[in-house]
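The values are calculated or read from the model by the stated rules, or taken from the named source; none is laboratory data. Remember, predicted model here, so these are calculated numbers, not experimental data. Neighbour counts are summed over all protein chains in view; Cβ atoms, including those assigned to glycine, are modelled from backbone coordinates with ideal geometry. Each accessible area value is taken on the protein alone, full model and side chains, heavy atoms only, with ligands, DNA and RNA left out. Shrake-Rupley method; radii C 1.70, N 1.55, O 1.52, S 1.80 Å.
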Amino acid sequence: MGEFDNKEREEVFSKKVRAGKRTYFFDVKATRSGDYYLTVTESKKRLEDGVFVKHKIFLYKEDFEKFAEGLNETVDYIKTHQDVVEKRYEYSENGEHTTKTNDDFSF
């Protein structure tokens, strides 16, 4: 088996999150031994050629707690040092979207 075998793994669970010009995919997959792991993919369409550029990280269960701690600490830092304006996106049937800003600064 080659280095790209993980692309062939069946998804156990998937969550798609659209956020403006980016889409995030949170996919739970299983190793050959049945252990779950998480892939987080950011997908963004390049304006100049319409190609989708994807960035992916793999997160294994033994790292979940440390990863969550680091993420939470970082988000808390940002929320403490800057106002965070949550954007609401509305999608039309043709795939275009508009941004609505919520006055609530909670994250």
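Odds and ends about this structure:
- All lysines inside 20 Å of residue 45 as judged from Cα atoms, apart from same-chain residues fewer than 8 positions distant: 15, 16, 21, 54, 56, 87
- Gyration tensor (alpha-carbon) shape descriptor, the range 10-54, a/c threshold 1.5: prolate
- Residue 22 - accessible surface, heavy atoms, 1.4 Å probe, Å² rounded to 10: 90
- Taking other residues whose beta carbon is less than 13 angstrom from the beta carbon of residue 33, and scoring Lys, Arg as +1 and Asp, Glu as -1, yields +3.
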